[in-house]
Amino acid sequence: MENTINPTFEKQTYVLAASRLLERISYYGIRAVLVSYMLGETMNLPREDASVIYGRFTAYILIVQVLGALMGDLIAGNRRTMILGGFLQAAGCFCLCLPGFTFFYTGLGLIVFGSGLYSSNMLSEFGKQFISQSKLYDSGFTALYLVVSVGAFVAPLFAGHIGWNATFITCGLLMLAATGLAMSAKMTPDFSSQTSKSPENQNLTKVLAAIFLTCLFWTLYDITNSSVFRLESIVTGISNPINPFRTDLMISVAAGAVFAFYWYKVYFRSGIKLAIGFILAGIASGLLLLIPDFDGRSWYPVYVFALLLIAIAEIHRTDFTIIIACLQAQNNISACNIVT
């Protein structure tokens, strides 16, 4: 652990973070109302079909992020691919306003491809801001984690409460604003010539290790999250899954704010952070398993403590994978996209 010296963020770092915030509000706004919209009078789909569509929608976005990363790194460039994705995602939101299943599925498809292209390449552009000031990685990406949590918190405050079309139009306008901010950010300088490169086989090993450890962490994280969604209604009595005042969302926002400020002043080595992340995630999983399905409200303090450990573990995992893939394997930015 060591103190950072005169840490400063570039202006485009704030611009990209603001773009990410608007994009996340738009994305989570769509997610918040998607199932209710499909079950309502407009679509009138069976609950089973709506659940399948929603599950595929969220899963395909993760798959397309990998394709978007490859497109950004190998074909069109990160910045151009990010901007293209932003416009596609906005078009998908507006498309949902039009009646009929054709426009509905077209809109979802555009959002999937748009989000996949935007998200992976925005993360790569954001990460490039720190190649020449690596000790700000921690604070920068923790702040970005905070931005995502804030977006998930804000979206349900308006989504669905202003009508379906108004929600879709609002999400589309937010996405256009996010894309405009991304376009206004300066082109990131190429620092590759200023960094010493490790042998190619060492880079590949580090990248593959980062991907494997990240997949392992998220497997544990998703298993834990399934317990969180189930226990939220048991422990708090709130059964609405898109409630913005969910305990895990509020804890994520608070933890992100604290660690973004802390790591703005203090730098930790990656290996220590990885170990902390896995240990805390394991402890949190064990605590959640102790909470019974009956009389869960008496376990509320344990539930809150477990969620705090999960939030801190996720923050530690995020910084570790970014640093391993982008900083140690300095000549392989595509790994940065895929890992995140």
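Put simply, the amide H of Ala185, placed in the peptide plane, has no neighbours under 5 Å, leaving out anything fewer than 5 places away on its chain.
Rounded if a/c is under 1.5, else prolate if a/b beats b/c, else oblate: with a ≥ b ≥ c from the C-alpha gyration tensor eigenvalues square-rooted, which is segment 1-71? Prolate shape, in that a/c is at least 1.5 and a/b is the bigger ratio.
Annotation: amide H-H contacts under 5 Å for Gly40 (H modelled 1.01 Å from N, sequence separation of 5 or more, or interchain): Leu45.
Could you give the length gained on full extension between Asp293 and Phe9, defined as 0.36 nm per residue of separation minus the Cα-Cα distance, in nm? List each step's numbers first, then the result.
Working: separation 284, 0.36 × 284 = 102.24 nm, distance 4.65 nm.
Contour length minus the Cα-Cα distance gives 97.6 nm.
The 1.4 Å probe gives accessible areas that order Arg24, Arg56, Arg31, largest first, as Arg56, Arg31, Arg24. Taking Ile276, Ile315, Ile53, Ile63 and ordering them by how much accessible surface each has at a 1.4 Å probe, largest first, produces Ile63, Ile276, Ile53, Ile315. Applying 0.36 nm per residue to the separation of Val66 and Leu173 and subtracting their alpha-carbon distance, the gain on full extension is 35.9 nm.
Using R0 = 56 Å, the C-beta based FRET efficiency linking Leu39 and Ala254 works out to 0.95. Working from label points 7 Å from Cα in the Cα-to-Cβ sense, the Asn165 to Arg56 distance is 2.8 nm.
Using a probe of 1.4 Å on the protein chains alone, the accessible area found for Tyr14 is around 140 Å². Counting Lys +1, Arg +1, Asp -1, Glu -1, what net charge surrounds Phe158 among other residues with beta carbon under 15 Å of its beta carbon? In short, +2. Counting only heavy atoms of the protein chains and using a 1.4 Å probe, Asp293 has close to 110 Å² of accessible surface.
The values are calculated or read from the model by the stated rules, or taken from the named source; none is laboratory data. Not measured: the values here are computed from a predicted model. Cβ atoms come from the backbone with ideal geometry, glycine included; neighbour counts cover every protein chain shown. The accessibility values were calculated without ligands, DNA or RNA, using every heavy atom of the protein model including side chains. Shrake-Rupley method; radii C 1.70, N 1.55, O 1.52, S 1.80 Å.
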